[in-house]
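What follows is a short report on a single structure.
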């Protein structure tokens, strides 16, 4: 890990991102007097922002969000992309215009990217899409799946781009779509992601519609498996934990966003004990530091259980952020071709001289911040040098202009 004045890490992946939400940072923390804050009140603010996006602003927001991630050591991202259409729900002339803008932003920042094309059909059981949801939704599943195939063809010659499939949630698609999505992804060996049990209301609605909890429904419809990534996996019963573990599915934990939204904390120790795999995601980009995202997995589990060293040590968390994160977004084994270099003289790492590898791993994961990152390489190409991301200044100017026009 340490080589003289440099600490070298393999590539780091954030497996769940909504890049456009970087424009919301600092803009959702206050409420009118007497109003109650919740995920749902935050969602209303996010929807208003999403309604104003166009392909140019989507690119500008994503380009800077990815530059910030690269600056702090991220080399690969899974983009859970659901803003597909024009504000009234009409598809663009080229249906994948918004998805292509996001992919271009990631590649211009130098990151590997998996575009997880989201399936969205409804506001909930028996409810048509409302407001911003019209931008997310498709009336026909075959149109959405055709978009996945079109994206895969368009970017087939780009080795740093993958395409996957993501039913948004059990709330946003009918059960038949879950089954067909699982079949489609399995036939093409695509990553398959979904938001799972993030909110208690989602669970109540799933029980009312299907007589099943979310993980039970996903298991019944053939969604669970080693290519499936359950994003959040927050409010689970013990038998749901066992279902995810037996399937060797991933739990993608997004602690900085889950804290910000008041989501609750997933049962990480039991999930890992059951056999589930772990990766992490930046989600809403409430914070753009992969080291904080990783250590929060263990530290928040300590708070939940009132114990220490519950889920993972530093080496285990590094694996979750590297090899496991890459596997979750379809880049299995590619983390070794990428590199993150930290300055061993950074104040956050002082006192570790002469320590063994395990102590260095603990020191980096539990004590360092992205500010210690000096150089980042993807497939041998430098995308951050001297702590400066490629094209970062121009990306920031365009980002700030886009936010000013939208917010």
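Here are a few things to note about the model shown:
- Using every pair of distinct Cα positions in the stretch 1-68, the Kirkwood expression returns a hydrodynamic radius of 14.9 angstrom.
- The calculated pair-distance distribution of the stretch 13-171 uses every alpha carbon pair, bins of 5 angstrom beginning at 0, and gives 2, 9, 18, 21, 20, 15, 9, 4, 1, 0, 0 percent.
- Kirkwood Rh in Å, taken over all unlike Cα pairs in the stretch 206-277: 12.3
- Note on the chain: the alpha carbon radius of gyration divided by the globular reference 2.2 N^0.38 Å gives 0.93.
- Residue with peak Gaussian network fluctuation, the chain [Cα springs, cutoff 10 Å], from 393, 137, 284: 393
- Extension gain, residue 40-residue 366: 0.36 nm per intervening residue step, less the Cα-Cα distance, totals 114.2 nm.
- Beta bridges assigned by DSSP with both partners in the chain are antiparallel in approximately 35 percent of cases.
- For the stretch 81-99 versus the stretch 119-195, the spacing of their alpha-carbon centroids is 13 Å.
- Kirkwood radius, the stretch 243-370, all distinct C-alpha pairs, inverse of mean reciprocal distance: 15.3 Å.
- Placing dummy labels 7 Å off each Cα toward the beta-carbon, the span from residue 146 to residue 187 is 1.6 nm.
- For the chain, calculated [θ]222 nm from helices alone, where every DSSP H run of n ≥ 4 adds -39500 (n - 2.57): -12500 deg cm²/dmol
- Extending 7 Å from the Cα toward the beta-carbon at both residue 350 and residue 259 defines two label points whose distance is 2.4 nm.
- The Cα atoms of the stretch 121-278 cover 41, 37, 31 Å along the three principal axes, with the biggest extent listed first.
Only the coordinates and a few stated rules stand behind these numbers; no lab work does. Everything numeric here is computed off the predicted structure, so don't read it as measured data. Cβ coordinates were reconstructed from backbone atoms using ideal geometry, including for glycine residues, and neighbour counts include every protein chain displayed.
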